[in-house]
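Quick notes on the structure that follows.
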Amino acid sequence: MADTKTNTEDFMRMYRQMVRIRVFEDNANQLYLSAKMPGLTHMYSGEEAVAVGICEALTDDDRITSTHRGHGHCVAKGADYKQMFCELLGKEEGYCRGKGGSMHIADQSHGNLGANAIVGGSMGIATGSALRAKLQGSDDVTVCFFGDGATAQGLLYEVMNMAALWQLPVIYACENNGYSEYTKTEEIAAGSITARAEAFGIEAFTVDGQDVLAVNDLSQKLVARARKGEGPFFVELMTYRYHGHHVGDINRDYYREKEEEAIWKEQRDPIVNFGKWLSEEGIASAEDLKAMEDEIRAEAKAAVDYALSAKYPDESEVDMHVFAPTDPATLRPGA
Amino acid sequence: MRHITLSQAVNEAIAEEMRRDLTTFLIGEDVAEAGTPFKVLAGLVEEFGPERVIDTPIAEPGFMGIAVGAALTGSRPIVDLMFGDFLYLIMDQLCNQAAKAYYMSGGKLNVPLVLRTNLGATRRSAAQHSQSLHALVAHIPGLKVAMPSSAYEAKGLMKTAIRDNNPVVILEDKLMYNDKAPVPEEEYLIPFGEAHVKRAGTDITLIATSSMVQVCEAAAETLAAEGISAEVIDPRTLVPLDEATLIESAKKTSRVIVVDEGHQSYGITGEIAGRINEKAFYHLDAPVLRMGAMDVPVPFSPALEDITVPTPEGVTENARKLMSGEMIHAA
Ligand SMILES: Cc1ncc(C[n+]2csc(CCOP(=O)(O)OP(=O)(O)O)c2C)c(N)n1
Ligand SMILES: [Mg+2]
């Protein structure tokens, strides 16, 4: 574990947020297995310390872009269960009014610019958000989350080049969970991932993505520096997804061994290990942590029940939101 | 005759052609051990090895460009694009490079390449995994476009596509992979540019692509019970298009609905309707009707998604209106 900070509240919030992600995913999986959720979903379980360690270093004014595996980023950036479950089930009260679903879930009011179903699809968006901050003299920072598999997209290299040339306040956060779909990372990535950023003169770091304090420490430093115009930065976070690529990917022996999964789950779990550290440091007892988890599970259950009986959007919403309205007054010459 | 799934039909077609022609190879994401997320290509890497069934990183423009280069220089690549929605990523390689090489080189360089991908909504996959984008590629001179409506077509069209000396885009409906149809054991190919009259009729023509053929067959069944005889025609390839068969049917029935899952505006339905208006004008008793998907990004919520695509009920309803003269908007 990274060395001590004394802010008990911060520690407890990080723990809470990680548990909130895990519990959200347990419920999402259950909804899928009981055929109550339309479509598929990609679970974030196992990677909680990445989203939480980073997002806890951000304010509501800072932006993130998320991925197809986006529930964790969404929770970590401050979203509520109720609207998230409503979105997952395609209900009107969902964050995207049911139009986005799991792969586009985002609480926009906390600076989440959206989950993206196109691998690498948000790299331009994140970099553009950082350009806007610079042009408008704003000191917010944008974090671009993407997976190891997404480093194969050429777009990343185009935008990193520009971000470096223009010193943009963007942090590229590569969640390296060892796999892209059914393929091991070493089979799809030549050379070193961080070296690619370094080739553009971007400072790059590798961090243990299972250690929330290590992730948070590094993030605090980089966010502070990015605010001062010292960006961009690149971080590779070594992590692991517990479930299959998506909830339907159950028989996965052909690409990933059960023993490997067991090692990560039993020895490297970010929540269990951080919980142990909290107890050892005398910050919270095992009972405190259990009580917190129970409370979160109860909140999740209530939110799921609510979402299950919530109403679907009215059919009239189908062609709403294709175009944003423009105030005709702004179109008058001289306006 | 044996019945096999559309997925098996595609797999068989590719396997047969890969045995027949050693210059063919498959390339795409998770095509080898995983056999694609839809398992369509399962078993091919075992037979042909990783040299001819090539897993790529998630780099669509890159592997598409590589396939174009290989095709220009003597290979016959079959490119697997996991979702039709990713067409946007490869448009330059497909439309600026592959589609134009033969023309720009004055006939000296050609690109014998198959791009197989998919289309189709109602899988609850939201706006970036549900699009039917065949109109985009059908718009580009130099690309051939095929859309199988069953396992039978999927096999016959794929074999023709692989032997064609041009870039061919084949779009399969991802909801039909498990649908079974009779498919002969013996080898057959389906020539491009030959529409198939799925059901003969005399009162109204329903022209339908891909899974919309099933939709129109169901509608035709309902209409038959009401005494309306509908002819259902599947063009099978959009480029080349068997205009003659479509026009002939329009002249015979005098009423036509064109049904397609792409967005209705600026799409396939308008193109086919336009050709019929030009060439069968005096034979028509009603305007040719277009039924495409709604002009909205595909919504996730089942409550919204299902109303964006043509249904048998919708086709039936419109057919009744055309028959009763309700759709004739006299000025
Ligand atoms: C452009 C594009 N290509 C392919 C896919 C299909 N796909 C979805 S997730 C995924 C793997 C992504 O791997 P990685 O970036 O490592 O993220 P992870 O799923 O491991 O979190 C693939 C290939 C896609 N959604 N978008
Ligand atoms: Mg990955």
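Can you find a residue that is assigned to a loop (DSSP other than H, G, I, E, B), more than 13 Å from chain A (Cβ to nearest Cβ), over 14 Å from B:I162 (Cβ atoms) and touching a Gly at 6+ places or on another chain (Cβ under 9 Å) anywhere in the range B:97-105?
Yes; the residues of the range B:97-105 include at least one that is assigned to a loop (DSSP other than H, G, I, E, B), more than 13 Å from chain A (Cβ to nearest Cβ), over 14 Å from B:I162 (Cβ atoms) and touching a Gly at 6+ places or on another chain (Cβ under 9 Å).
Quick one: B:V309 ticks every box in (1) touching a Leu at 6+ places or on another chain (Cβ under 8 Å); (2) buried (at least 17 other Cβ atoms within 10 Å of the Cβ) except a single one, so which number is it?
(1)
The rows are residues; the columns are (1) within 14 Å of another protein chain (Cβ to nearest Cβ); (2) part of a helix (DSSP H, G or I).
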{"position": "B:F86", "(1), (2)": "yes, yes"}
{"position": "B:L109", "(1), (2)": "no, no"}
{"position": "B:N118", "(1), (2)": "no, no"}
{"position": "B:S125", "(1), (2)": "yes, no"}
{"position": "B:Q131", "(1), (2)": "yes, no"}
{"position": "B:P141", "(1), (2)": "no, no"}
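The rows are residues; the columns are (1) touching an Asp or Glu at 6+ places or on another chain (Cβ under 7 Å); (2) of a type in the set (D, E).
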residue	(1), (2)
B:M176	no, no
B:Y188	no, no
B:H196	yes, no
B:E221	no, yes
B:I228	yes, no
B:T253	yes, no
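I need the full set of residues from the range A:195-212 which are closer than 24 Å to A:H68 by Cβ and either open to solvent by less than 10 Å² (accessible area, probe 1.4 Å) or not in a strand (DSSP E or B) (or both), in order please.
A:R196, A:A197, A:G209, A:Q210, A:V212
Does B:P184 qualify as being crowded, with 24+ Cβ neighbours inside 10 Å and under 30 Å from B:T23 (Cβ atoms)?
no
Hey, any hits in the range A:110-124 for a residue that's within 27 Å of A:R225 (Cβ to Cβ), in contact (Cβ under 8 Å) with a residue 60 or more places away in the chain and away from ligand 1 (no atom under 15 Å from the Cβ)?
No, the range A:110-124 contains no residue that is within 27 Å of A:R225 (Cβ to Cβ), in contact (Cβ under 8 Å) with a residue 60 or more places away in the chain and away from ligand 1 (no atom under 15 Å from the Cβ).
Of everything in the range A:115-129, what is away from ligand 2 (no atom under 16 Å from the Cβ) and surrounded by 23 or more Cβ atoms within 10 Å (Cβ to Cβ)? Give them in sequence order.
Once the filter is applied, which keeps residues that are away from ligand 2 (no atom under 16 Å from the Cβ) and surrounded by 23 or more Cβ atoms within 10 Å (Cβ to Cβ), the range A:115-129 yields A:A126, A:T127, A:S129.
Take the range B:35-63 and flag every residue that is without any contact (Cβ under 8 Å) to a residue 12 or more places away in the chain, open to solvent by less than 30 Å² (accessible area, probe 1.4 Å) and within 12 Å of chain A (Cβ to nearest Cβ).
Correct list: B:G35, B:A59.
Every residue, every condition in (1) buried (at least 24 other Cβ atoms within 10 Å of the Cβ); (2) not basic (K, R), yes or no:
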{"site": "A:F145", "(1), (2)": "yes, yes"}
{"site": "A:A152", "(1), (2)": "no, yes"}
{"site": "A:L155", "(1), (2)": "no, yes"}
{"site": "A:P169", "(1), (2)": "yes, yes"}
{"site": "A:K184", "(1), (2)": "no, no"}
{"site": "A:A189", "(1), (2)": "no, yes"}
{"site": "A:I193", "(1), (2)": "no, yes"}
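List the helices (runs of 4 or more DSSP H) that sit entirely inside the range A:225-335 and contain at least 3 residues that are more than 14 Å from chain B (Cβ to nearest Cβ) and under 30 Å from A:T151 (Cβ atoms).
Hits in the range A:225-335: A:258-267, A:270-280.
Being touching a Lys or Arg at 6+ places or on another chain (Cβ under 9 Å) and either away from chain B (no Cβ under 12 Å) or among the β-branched types (V, I, T) (or both) is the filter here; which residues of the range A:89-124 pass it?
A:A106, A:D107, A:H110, A:G111, A:N112, A:L113
If I ask for residues that are out of contact with any helix residue (DSSP H, G or I) (no Cβ under 6 Å at 6 or more places or on another chain) and either farther than 26 Å from A:W264 by Cα or free of Cβ contacts under 8 Å to residues at least 24 places away in the same chain (or both), which ones from the range A:221-243 would you list?
A:K221, A:L222, A:V223, A:A224, A:R225, A:A226, A:R227, A:K228, A:G229, A:E230, A:G231
The values are calculated or read from the model by the stated rules, or taken from the named source; none is laboratory data. What you are looking at is a predicted structure, and each value in this text was computed from that prediction instead of being measured. Positions of Cβ are generated from backbone atoms using ideal geometry, with glycine treated the same way; all protein chains shown enter the neighbour counts. SASA here: full protein model, heavy atoms, side chains in, ligands and nucleic acids out. Shrake-Rupley method; radii C 1.70, N 1.55, O 1.52, S 1.80 Å.
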